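Input: a single structure, listed below in structure tokens.
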Amino acid sequence: MRLLHTSDWHLGRSFHRESLHDAQRAFLDHLVEVVRSEGVEAVLVAGDVYDRALPGLDAVELFDDVLHRLAALGVPTVFISGNHDSARRLGVGAGLIGRAGIHLRTDPGECAVPVVLEDAHGPVAVYGLPYLEPTLVRERFGLAKGGHAAVLGAAMDRVREDLAARPEGTRAVVLAHAFVTGGAPSDSERDIAVGGVAAVPASVFDGVNYAALGHLHGCQTLAPHLRYSGSPLAYSFSEADQRKTMWLVDLAADGTVTAERVDCPQPRPLAPLRDTLDALLTDERYEEHERSWVQATLTDPVRPAEPMEKLRRRFPHTLQLLFDPQGSEAEPVRSYAARVSGRADLEIAEGFLRHVRPGAEPGAEELGWLRDGFESVRESGERKAELPR
């Protein structure tokens with residue numbers, strides 16, 4: 001069976017305030033063409049369909065259009081909700097839409113209810129595990145405590161139990177949205193650490209033939225049967241060197257997997273450039289980046305006058321300007337976003353306490369209050385996103 005694995009579309013997202021609507025439409029056009037031309041028999045979309053719980057109308061229209069086109073091709077498609085999606089909203093009409101071969105898996109209680117597909121070699125059970133926020137789903141899985149590894153492990157136990165009751169030789173595919181140990185993150189992923197340790201071990205997915213993973217934006221292979229497709233577009237300059245692709249996966253009769261990458265169209269190259277302003281404006285080395293989206297880090301000892309205006313004369317698509325003075329005793333000037341990039345919410349809060357109370361480390365009780373506070377806010381936000389409007 002030939003599968004197309006993709007994830008992290010983030011429909012409605014912009015890139016440093018540059019609209020990506022046309023680029024996302026071009027990607028979806030490309031996806032439909034790949035399904036048609038490569039003989040794809042099922043499409044797997046591993047979460048973060050939208051960029052936010054309340055997507056804009058233009059993003060919803062993109063999603064609606066691709067659903068109609070995939071249904072018209074008669075190719076079964078399985079979606080799961082990610083941590084950016086509102087599971088309830090994404091899953092509206094799932095029962096009716098499922099009759100058209102578009103299967104929206106957003107309910108944690110249905111983790112062990114597969115979409116069963118058939119090929120010449122027998123059945124393939126496709127299990128969709130939506131993003132599982134520990135504080136919201138522990139009770140549903142009979143857990144008194146535990147983080148991401150615990151709830152995902154409980155969901156996979158149910159999957160394996162269901163699979164064991166199916167005819168011998170049934171192949172199993174799982175879609176999941178999680179941070180699996182060994183994966184390489186990017187700056188553009190939303191932290192999922194609050195509520196428990198973020199990473200889950202790869203062994204959680206033992207017993208299935210292929211795990212189509214979402215959440216990390218770089219395409220990567222953790223094991224032959226365990227892969228991230230990555231996002232189809234770059235959503236941060238940390239992804240400048242990433243090749244944006246989907247996985248074309250062939251699932252053999254014996255359950256073994258072979259896979260190849262299919263490139264996704266990109267609106268512009270990304271160019272993180274670092275030099276003095278004069279060098280950036282005059283050096284021939286940078287000529288190839290004049291049509292790129294540019295992140296410029298200026299190393300001038302003294303901040304130049306009107307640097308953005310000057311840069312945009314040569315690089316019209318300069319989107320981000322940073323300063324790291326060289327040759328002076330001054331501390332490098334970096335944006336607040338750059339200073340906290342990659343840090344978890346709790347770590348940022350701990351740093352604030354140290355900043356306002358020099359020499360005094362946060363106590364265990366204070367750290368407990370912070371953890372409880374962040375978890376309460378996250379749980380409250382998730383619950384509000386699920387409420388009907």
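Here are the numbers:
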{"item": "Flag if Val115 is of a type in the set (Val, Ile, Thr), under 14 Å from Leu44 (Cβ atoms) and within 19 Å of the chain's Cα centre (by Cα)", "result": "no"}
{"item": "Single unsatisfied condition, His121 versus (1) of a type outside the set (Gly, Ala, Ser); (2) surrounded by fewer than 20 Cβ atoms within 10 Å (Cβ to Cβ); (3) touching a Gly at 6+ places or on another chain (Cβ under 9 Å); (4) under 22 Å from Gly109 (Cα atoms)", "result": "(4)"}
{"item": "Single residue of Arg313, Arg339 found to be surrounded by fewer than 14 Cβ atoms within 10 Å (Cβ to Cβ) and at pLDDT 75 or above", "result": "Arg313"}
{"item": "Filtered residues of region 94-114 (kept if aliphatic (A, V, I, L, M) and either open to solvent by less than 40 Å² (accessible area, probe 1.4 Å) or touching a Cys at 6+ places or on another chain (Cβ under 6 Å) (or both))", "result": "Ala94, Ile102, Leu104, Ala112"}
{"item": "Residue tally, condition open to solvent by 60 Å² or more (accessible area, probe 1.4 Å) and either in contact (Cβ under 8 Å) with a residue 12 or more places away in the chain or assigned to a loop (DSSP other than H, G, I, E, B) (or both), over region 1-53", "result": "9"}
{"item": "Yes/no for Ala165 being out of contact with any Asp or Glu (no Cβ under 8 Å at 6 or more places or on another chain) and at pLDDT 95 or above", "result": "yes"}
{"item": "Qualifying residue in region 205-219 (condition: touching a Pro at 6+ places or on another chain (Cβ under 7 Å), on the phi > 0 side of the Ramachandran plot and buried (at least 19 other Cβ atoms within 10 Å of the Cβ))", "result": "no"}
{"item": "Hits in region 213-223 (condition: part of a strand (DSSP E or B) and in contact with a helix residue (DSSP H, G or I) (Cβ under 9 Å, 6 or more places away or on another chain))", "result": "Leu213, Leu222, Ala223"}
{"item": "Single residue of Ala223, Ala176 found to be among the hydrophobic types (A, V, I, L, M, F, W, C), surrounded by fewer than 23 Cβ atoms within 10 Å (Cβ to Cβ) and at pLDDT 90 or above", "result": "Ala223"}
{"item": "Qualifying strands (runs of 3 or more DSSP E) (wholly inside region 224-284; at least 3 residues being over 27 Å from Val302 (Cα atoms) and touching a residue at least 40 places away in the same chain (Cβ under 8 Å))", "result": "226-228, 245-251, 257-263"}
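Residue-by-condition table, conditions (1) of a type in the set (A, V, I, L, M); (2) touching a residue at least 40 places away in the same chain (Cβ under 8 Å); (3) in contact with a Cys (Cβ under 8 Å, 6 or more places away or on another chain):
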position	(1), (2), (3)
Val137	yes, no, no
Arg140	no, no, no
Leu143	yes, no, no
Ala155	yes, yes, yes
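The values are calculated or read from the model by the stated rules, or taken from the named source; none is laboratory data. Predicted model only: the values in this text are computed from it and were never measured. With ideal geometry, Cβ positions are generated from the backbone for all residues, glycine too; neighbour counts draw on all protein chains shown. Each accessible area value is taken on the protein alone, full model and side chains, heavy atoms only, with ligands, DNA and RNA left out. Shrake-Rupley method; radii C 1.70, N 1.55, O 1.52, S 1.80 Å.
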